Structure formats: C-alpha cells, structure tokens
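The next block holds one structure in the form of structure tokens; read it before the comments.
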Amino acid sequence: MHGAVDVLVVGAGPTGLTLACDLARRGVRTHVVEAADRLFSGSRGKSLQPRTQEALDDLGVMDALRAAGGPFPPMQTWRDGRREGEWRLIEPDPEAPASRFPEPWLVPQWRTQEVLRDRFLELGGTVEYGTRLTSLHQTDRHVLAELAHADGSRRTLTVPYLVGADGGHSTVREALRIAMKGGESDLRPAVVADVRVRGLDRDHWHIWLDDPDTRGVGSVLMCPLPGTEDFQLNARADGEDPEVTPETVRALIAARTHLPADAVTDVLWASYYEPRTALAERFRDGRVFLAGDAAHAHPPGGGQGLNIGVQDAYNLGWKLGQVLRHHAPDELLDSYEAERRPAAAHVLKLSTRLYRTGRSPEGGSEQARHRGRVTHLLTVGYRESALSTETRERLSDTAVQAGDRAPDLPCATAGNGPERLHELLTGPHFTLLAVDRTPPRVPSEIVTHRVTGGAVAEALGAGLFVIRPDGHIGLATQDPAHLDRYLAKVGLAD
C-alpha cells in the first residue's frame, strides 16, 4: 500500500473485490485487507446470475469469466446405480427483461475472486493478506481502523470511509454492534466440498435420490466445475458430525451413491454449514457500511448470496465515488441502505423457499421454469427510492419507470446504427438519454445520447432519462427543468 486511502474494504471475497474494482476505476484510492493469508480456495458460490453478469461486464471482467466458466449442465438422476434420465434445473424465463446474458453462468468462486483481484490490481488498487481488523472508531470526518498482521505487528489506518465485506461472522458488524435479525433457522445442514472423482461424466450435474428420507430434496449432488477437473459436492448432513475430513467425504459418497470411496481421488476443500437467514438491522453506521454476507445471510437456494453481494457493491461504489470525487451531498449515501436492504430482504425469502424446495426431477419443467423466473435478478428495482424521480403522469404499472433497470434493447442514436443500450452505458459515468427530443446542455461528466426511434424509444417513450452508473433510471421526465434538481442530488450540478 502506498499513500493515502479513501476507502478501506475489509474482506477480499466477491463483494469486497467488486466494490474495490468499481471504486478504483473512479479514481478512488482503495485498499483491501483480508484476514486469510490468501484468497478463498473453494467453489462455494458458483452461479453468476444474469444481472450480476451485467454488473461484472461493466467492470471489465466478464470476458475472462465467460472464458473461465460455462452454462449449467443438465441434471442427471441416479437410482440404484442406474441413470434415470436428465432434466433442467433452470429453464430460461421467456418474459425476463432482455439481456446480453440470458442464462446463469457457472464459475467456481475462487476463480471469480481471482479475476476480480487481478482487475483491481490492474486498476491500481492494493490488497493485503494476513491482516485482520481488530477494532474501529469513527469521528465526523474519518474512521480509525486498528489492524493486526500475521507477524504480530499492528497499525492504525485512518480513512474517510470503511466497508465491511467480511462475511457472515463480520468483525466490522460486531464492532458496530449491529444486530442480525434472524429468520429461518431450522434449515437442514449440509456438507459442501470440491472433489475429484473417477467414473462420472462431466456433461451432467449428478444427483442421487436413493435416500428414503430425502423427501425429494436431494441426498447428494455433484456438479462439474468448468476449467477444472473438479466437482462441487453438496450433500445433506442431517445428524452428521460437523467435523469434515477427506475421509468423511469419501465415506459419505460411498454410502449415498454407487461410487466406491476410492473413486474420490482428491478432496480439495470441504466445509460443513448450517444455513440460516438473517438481515442486519442497518447497513450504514456513520462512515462505515456493510455489504454482502456481512449484511445478510442466505441459504444457498437459487445461488443468490454471492449475487446479492455483488449487487450491493455495484450500488454502493458509484455513490461513494460521487461523494469523494464530485462532492455529492452525504445524503446520497443513505440511499444505499434504503435501496439494498429491501432488495436483500426479498431475496432472503426467495432463497429460503428455493432451499426448502430443493432440487428434484419431480415437477420437472414447471419447477425449472419457476427457478428461471425468480433467480435472474433483472427485475430488481428501486422505484420507492429518493433517488428515483418519475415526473411523467398516467403511466401503467408495467411501464418502464424511474428506479427500474434500464432495458438492454437495441438503441438507435444520432449518427450511429443500432447498438444495445447497455453498451452505451458501459463505464463509471451517468448517461442522459434524450429520446426523440433535442438534448439540453448538461455537465461534461454526463454522457449524452440522442435516441431516435427503435426499441429503446418504444420501451421508454419520448422524454429525458438520466441513467445512473449502475444502470438504473434515476430521472424520467418530459421537462428539462427537472434536470438541475436531480443532478444536484448526485453531485453533478453546474
């Protein structure tokens, strides 16, 4: 680490590294500390949902993640050592908003973190391993973070803002004495591991339902991880010893599948977990913020935990950037909790429902379609936010409105042929769309596009639309007089 720091991020998981990338590309001096001596080495959060892929593409890492991953394979059911046909866990939602990334993408979490880490370093950020936050204190002007290093040394870092992205046992949250409001706590525990196995094809996600007590929720699942020789194992652990070793993993596979213990050639990582749902009472305390698992605990149903954390970071990054680099009012930062806490609460209910439902061929295509409808996150919006200003009248509930994600549709701009709208939005800037209107003068930090007809014009209607850096519509109006007031909220007034 060299020089002063604007934001200290505690935790080098997907949430912390996403935030770090977003801040660094805005010229915000960002330092990440991680208690472990290296990045997490397991596959745990392996699903990148469509909306998450859009955010990661904006940060410049999705090409690498596409190359490192692959689509989810079909499920293969086994009974008594025999194949019983294949089926899809997730079917595309034909009514989902259009996106360049219409399906979830399978990437082991460790690889996602490596790609984000490399991007952050490329942008000039710094990461420090073997460094724990031991306490913090804050004033009206800064945060003092007490850090302990693996060699026993200690130091104090003074920063304008600190973000706790340090997981479910967050030291930052505990230091702030922010309680987690618990929800479901009786969810079945499980064992998750990364294993190498002989005798299984890598074209399917394998599931064994032979245990008579599974009640259709799946006894053992093994999913091939793209770009590796590994499978992710997920197995129910009801009544089992939480001590997980390579030997217990091999014994579990031998007891519940047709594979012998010696078919498991390697156990690379393993963990026992007891899923729960919980939501932090608040996501902000003065100059300190919580994001990802530090703010909300999800069961793994639907692959939502990592994705919601990335969306937290994508929401917070531009706001911190506006306050630090463009002198936006501090009230802008209040919108982080106002927008993300309701979104997290909604997804907690979804994850719990999907975890209870489990993965089973019973219900077939209907179950697969249901998952496809509810997991893509493309419809998450902020219509009730103070940052969403909709001045047009007599709109239907189904109309695209302020607070909604901007539609990723073909967009015809003056002097250019059709492009997808999200290609025009890529980057850390705000965008003004003047749809079938002459664009008014705006500050130079805002990229302006005049849209003439086409799919975007049809979806939005004529008017002026300010698109936030996270791709949500901030202002939708017919009257240019509304621009100055909105831009002042986000630090962009002349």
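Which Cα, out of 291, 28, 45, lies furthest along the positive dipole direction of the chain (beta carbon charges, K/R +1, D/E -1)?
Result: 28, furthest along the dipole toward the positive end.
Quick one: what do you get for the stretch 45-123 if you divide its Cα Rg by 2.2 N^0.38 Å?
Taking the Cα Rg and dividing by 2.2 N^0.38 Å, one obtains 1.34.
Beta carbons within 10 angstrom, averaged per residue: use that to sort the peptides 139-146, 290-297, highest first.
290-297, 139-146
For the chain, with the dipole built from +1 on Lys and Arg beta-carbon atoms and -1 on Asp and Glu ones, taken about the Cα centre, which of 223, 69, 277 lies farthest toward the positive end?
277
For the peptides 465-477, 449-461, what is the packing order when you average, over each peptide's residues, the other Cβ atoms within 10 Å and list the highest mean first?
465-477, 449-461
Take the Cβ-Cβ distance between residue 438 and residue 330 as r, set R0 to 45 Å, and report the resulting FRET efficiency rounded to the nearest 0.05.
It comes to 0.85.
Sort 192-202, 148-158, 26-36 by packing, meaning the average of other beta carbons within 10 Å per residue, with the highest value first.
Highest-to-lowest ranking by the protection proxy: 26-36, 192-202, 148-158.
Loop only per DSSP, at most 15 neighbouring Cβ atoms within 10 Å: give me the trypsin sites (Lys or Arg not before Pro) in the stretch 238-334, ordered by residue number.
Numbers: sites: 250, 256, 276, 282, 284, 287, 319, 325; in loops: 276, 282, 287.
Of the trypsin sites (Lys or Arg not before Pro), the ones in loops of the stretch 238-334 whose Cβ has at most 15 other Cβ atoms within 10 Å are 282.
Quick one: length gained pulling residue 243 to residue 481 fully straight, 0.36 nm per residue minus the C-alpha distance?
Full extension from residue 243 to residue 481 adds 79.3 nm.
Could you work out how far apart the two model spin labels at residue 118 and residue 445 are, taking each label as a point 7 Å from the Cα in the direction of the beta carbon, and quote it in nm?
3.2 nm
Just subtract the alpha-carbon distance of residue 82 and residue 158 from 0.36 nm times their residue separation and send over the number in nm, one decimal.
Gain on extension, residue 82 to residue 158, equals 21.2 nm.
Using Cα-Cα distances under 8 Å and only pairs 6 or more residues apart, what relative contact order does the chain have, in percent?
It comes to 17 percent, rounded to a whole number.
For a label point 7 angstrom out from the Cα of residue 419 toward its Cβ, which stretches of the stretch 458-494 have the backbone nitrogen within less than 18 Å?
465-472
At what distance in nm do the modelled label points of residue 338 and residue 196 sit from each other, each positioned 7 Å from its Cα along Cα→Cβ?
5.3 nm
Based on the Kirkwood radius over alpha-carbon pairs, what value in µm²/s does the Stokes-Einstein equation return for the translational diffusion coefficient of the chain at 37 °C and 0.692 mPa s?
Values: Rh = 23.7 Å.
Reported coefficient: 138 µm²/s.
Which whole-Hz ³J(HN,Hα) couplings does the stretch 99-112 yield from phi under the Karplus relation 6.51 cos²θ - 1.76 cosθ + 1.60, θ = phi - 60°, glycine and proline marked x?
Going residue by residue, I get 8, 5, 10, x, 10, x, 10, 9, 9, x, 4, 4, 6, 4 Hz, with x marking Gly and Pro.
Classify the stretch 309-350 as rounded, prolate or oblate from the Cα gyration tensor: take a ≥ b ≥ c as the square roots of its eigenvalues, call it rounded if a/c is under 1.5, otherwise prolate when a/b beats b/c and oblate if not.
Oblate, since a/c reaches 1.5 and b/c is not below a/b.
What does DSSP give for the chain in terms of the percent of beta bridges that are antiparallel, rounded to the nearest 5?
Bridges in the chain that DSSP calls antiparallel: roughly 70 percent.
Assuming 0.36 nm per residue, please report the length gained on full extension of the stretch residue 66 to residue 379 beyond their Cα-Cα distance.
Stretched fully, the residue 66-residue 379 segment lengthens by 110.4 nm.
Which value, in debye to the nearest 20, describes the size of the charge dipole of the chain about its Cα centre when Lys and Arg Cβ atoms bear +1, Asp and Glu Cβ atoms bear -1, and nothing else is charged?
That gives a dipole near 500 debye.
With the cut-off at 1.5 for a/c, could you classify the stretch 389-489 from its C-alpha gyration tensor as rounded, prolate or oblate?
Numbers: a/c = 1.33, a/b = 1.08, b/c = 1.24.
Here the stretch 389-489 falls in the rounded category.
Rounded, prolate or oblate for the stretch 102-157? Axes are the square roots of the Cα gyration tensor eigenvalues, ordered a ≥ b ≥ c, and the cut-off for rounded is a/c under 1.5.
prolate
Please list, in chain and number order, the residues 5+ apart from residue 490 or on another chain whose amide H is under 5 Å from its amide H, with Hs placed from the backbone.
Answer set, sorted by chain and number: none.
Label points 7 Å out from Cα along the Cβ direction at residue 349 and residue 134: separation in nm?
Here the answer is 4.4 nm between the modelled labels.
Would you work out the charge dipole size for the stretch 389-489 about its Cα centre, treating the Cβ of every Lys and Arg as +1 and the Cβ of every Asp and Glu as -1, and quote it to the nearest 20 debye?
Working: 10 positive and 13 negative charges, 46 e Å.
For the stretch 389-489, the charge dipole is close to 220 debye.
Using amide H atoms built in the peptide plane, which far-off residues or other-chain residues are under 5 Å from residue 389 H to H?
475, 476
Using amide H atoms built 1.01 Å from N in the peptide plane, name the residues 5+ places from residue 278, or on other chains, whose amide H lies under 5 Å from its own.
183, 297
Okay, helix-only estimate at 222 nm for the chain: each DSSP H run of n ≥ 4 adds -39500 (n - 2.57), divide by all residues, round to 500 deg cm²/dmol; what do you get?
Values: 12 runs with 140 residues, N = 494.
Rounded to the nearest 500, it is -8500 deg cm²/dmol.
Read-outs throughout are calculated quantities, based only on the coordinates presented, and are distinct from any laboratory measurement. Just so it is clear, the structure is predicted and the values come from calculations on it, not from any experiment. Cβ coordinates were reconstructed from backbone atoms using ideal geometry, including for glycine residues, and neighbour counts include every protein chain displayed.
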